[in-house]
Amino acid sequence: MANLAELTWMAAGAAAPLSPPESGVAELAESRLRSNSYLALKNVSCEYQQGRLILRGCLPTYYLKQLAQEVVARLDGVDQIVNQIDVLETATACARRY
């Protein structure tokens with residue numbers, strides 16, 4: 001059974017097109033997060049392995065957690081997103097945790 005704090009997104013249709021080089025997918029995902037107008041998304045890190053993109057970090061709201069997932073949802077080569085972002089109410093709590 002999955003942890004409730006971890007959201008997973010699967011692409012429609014299991015067979016994905018050829019994926020870009022693995023080293024570039026996480027960097028592209030982080031670039032999209034950093035270019036978003038919500039500054040808090042800059043604190044999200046990404047890891048990519050074999051079609052799975054893992055989001056980690058700390059954000060102040062569940063809305064931003066979901067938004068981070070949506071920002072990277074349509075990247076080529078991403079079949080699954082595992083959202084491990086923690087939601088903590090204050091920046092101080094995030095800083096203490098990470």
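Read-outs throughout are calculated quantities, based only on the coordinates presented, and are distinct from any laboratory measurement. Not measured: the values here are computed from a predicted model. Glycine also receives a Cβ, built like all others from the backbone with ideal geometry; neighbour counts cover every protein chain displayed.
A few notes on this one:
- Segment 44-64 residues that are without any contact (Cβ under 8 Å) to a residue 24 or more places away in the chain, paired with ones that are outside any strand (DSSP E or B) and buried (at least 16 other Cβ atoms within 10 Å of the Cβ) (beta carbon under 8 Å, 6 or more apart): Ser45/Glu30; Glu47/Ala26
- Qualifying residue in segment 65-78 (condition: free of Cβ contacts under 8 Å to residues at least 60 places away in the same chain, more than 11 Å from the chain's Cα centre (by Cα) and within 20 Å of Cys94 (Cβ to Cβ)): no
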